[in-house]
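Readers should treat all values here as calculations from the given coordinates under stated rules, not as data from a laboratory. The structure displayed is predicted, hence computed values, not measured ones. Here Cβ is always computed from backbone atoms with ideal geometry, including for glycine, and neighbour counts include all displayed protein chains.
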Ligand SMILES: [Fe+2]
Ligand SMILES: [Fe+2]
């Protein structure tokens, strides 16, 4: 018996940038076992503690990106975006290895990440990434990837004498993140022009809210950044500047609505207004979660808005 509504089996598989990114990602696989864990750190005790604290939001960001992409995949499939779903499968693997490698790194550093109560903005930040539809999610991931990129560069390649273990690890992660940024910008360039001005305004508001939360989080680790001779204000300035540049390039700051530029048709969101107010689970005592992952799974159990 043929299922009702199914008229064809083979999906469209256009030879586009997303398919190329999928192939690139699949061909450059690595895991924490590719690294030489016998290489001794050259970080001072203070820098090891500082790195553990500074890494906290990025570390949880890796796990959140992995979980977010997996819950996003079915809606991309439902929209018939075949190359995007293949790309997302490789993205999930990328974020899984970043999360696993950083977990192992924490063990080597001998320090834990900051606790939620020490950086409560973490929950608000990752809860905000879960609001909206696929386009909002990609926009949030792009912002998070830009933050991650500047973080890894500041503590890795931009250091006068990068640590012989952490430096090469950041280079590997940065290579993966460059594919993520290419995906997000391409996806948004294809879809933002078809959005209403009000929808774009919501996305600009999202950027502002995420940046406010980032400022608040980084204020808590200002002294830790100084242990690596990094000024938090310079870091924030570079992050904000790059996000603005991408926002311009994808047409988010255009006043007039235009037609989609390339590729298949735009995603039309059924949500034209701002997202409904949500109450993040910020009260540690109210949520019986054993770790950030448990908490994240509670946040992710909310379905994304249908687009
Ligand atoms: Fe990552
Ligand atoms: Fe990423």
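Take the Cα atoms of the range 72-144, find their three principal axes, and give me the spread along each one in whole Å, biggest first.
46, 25, 17
Kindly give the semi-axes, whole Å and largest first, of the ellipsoid equivalent to the range 197-251, taking each as the square root of 5 times a Cα gyration tensor eigenvalue. Each step should come with its number before you reach the end.
Details: eigenvalues 144, 33, 4 Å².
One finds semi-axes of 27, 13, 5 Å for the range 197-251.
Starting from the Cα coordinates of the range 4-136, work out the convex hull volume and express it per residue in Å³. Walk me through the intermediate numbers first.
Details: hull volume 19.2 nm³, N = 133.
Convex hull of Cα atoms, per residue: 144 Å³.
Using Stokes-Einstein with the Kirkwood hydrodynamic radius over Cα pairs, what translational diffusion coefficient do you get for the range 163-246 at 10 °C and a viscosity of 1.306 mPa s, in µm²/s rounded to a whole number? Mind dumping the intermediate values first?
Values: Rh = 15.3 Å.
Answer, rounded: 104 µm²/s.
As a footprinting exposure proxy, order 77, 66 by other Cβ within 10 Å, with the fewest listed first.
Working: 77 14, 66 21.
So the residues, fewest neighbours to most, are 77, 66.
Sorting 242, 254 on the 10 Å Cβ count, fewest up front, what's the list? Write down the numbers at each step before the final one.
Details: 242 17, 254 14.
Going from least to most buried by this count: 254, 242.
Tell me, how many Å apart are the Cα centres for the range 13-85 and for the range 213-240?
Between the Cα centres of the range 13-85 and the range 213-240 lies a distance of 22 Å.
Using 1/(1 + (r/R0)^6) with R0 = 41 angstrom and r between the beta carbons of residue 24 and residue 231, what's the FRET efficiency to the nearest 0.05? Don't jump to the answer; show the numbers that get you there.
On the way: r = 34 Å, r/R0 = 0.83.
That pair, residue 24 with residue 231, gives E of 0.75.
Length gain on complete extension for the stretch residue 100 to residue 14, per 0.36 nm per residue less the alpha carbon to alpha carbon distance? The partial results should precede the final answer.
Working: separation 86, 0.36 × 86 = 30.96 nm, distance 3.25 nm.
Stretched fully, the residue 100-residue 14 segment lengthens by 27.7 nm.
If each residue of separation counts as 0.36 nm, what is the full-extension length gain between residue 205 and residue 39 once their alpha-carbon separation is subtracted?
Value of the extension gain: 55.4 nm.
Taking just the C-alpha trace of the range 10-53, give me its Rg and Dmax in Å.
Gyration radius and largest Cα-Cα distance of the range 10-53: 19.2, 57 Å.
Among 106, 125, 152, rank each residue by its count of other Cβ atoms within 10 Å, from fewest to most, as a rough exposure measure. All intermediate terms of the calculation are to be shown ahead of the outcome.
Details: 106 16, 125 26, 152 23.
Result, fewest neighbours first: 106, 152, 125.
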